[in-house]
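Reading through the structure tokens given below for one structure.
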Amino acid sequence: MKVLYICNSVERWNFKEDTTPLMIAEAESRGKKTYYTSADKLFCSNYEIFAEFFEIGIKPVKPFYKLSKIKIDSIKSFDVIHIRVDPPFDLKYYYTTILLEMVTKDVLVINSPEALRSLNEKLSILNFPQFITYFSCIFSICIYVFCIIFFSIKIFNFFVQSVIKSFKVR
């Protein structure tokens, strides 16, 4: 079984606190082939999603991991994909979830890409008002409104730029 972990740079992992290396080590101990890539290494070609990735092994001594030579293949070649990317929720993160959602019928994707977009970890508390203090409620609402405005502006700008480019082409 081939398992791909999409996560932050291995150079930045904190091996005392980060659970991703533990997950990889456990998968290895169960005989799974483990691979690592980052969100910026995903790309689309001929309507298929590919990744530049490394086979990764976790070791008990520094540098704690071993990477193979870089490989490129369709992410449909994996049996399981774990999304382990830390926020911020920016456009790169958003587009990563869209790309991964395109393969969910062919590959088991752990941490649903749609759920990652729809249920923001900072705003999900709004679903549990009994646990919200007055300050956290106001703060969360401000963040929510900011996110809506920010992404609306980004989407509008993208749309305007697309329209302008289409007129220039003609």
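Points to keep in mind about this one:
- If the condition is being surrounded by 14 or more Cβ atoms within 10 Å (Cβ to Cβ), modelled with pLDDT under 90 and in a loop (DSSP other than H, G, I, E, B), then segment 89-106 contributes only PHE89.
- Annotation: of all residues in segment 19-75 being in a helix (DSSP H, G or I) and exposed (fewer than 15 other Cβ atoms within 10 Å of the Cβ), the one that is farthest from the chain's Cα centre (by Cα) is SER29.
- PHE64 vs. criteria without any contact (Cβ under 8 Å) to a residue 40 or more places away in the chain and either out of contact with any strand residue (DSSP E or B) (no Cβ under 6 Å at 6 or more places or on another chain) or within 26 Å of PRO88 (Cα to Cα) (or both): no
The values are calculated or read from the model by the stated rules, or taken from the named source; none is laboratory data. Here the structure is a predicted model, which means the values were calculated and not measured. Cβ atoms come from the backbone with ideal geometry, glycine included; neighbour counts cover every protein chain shown.
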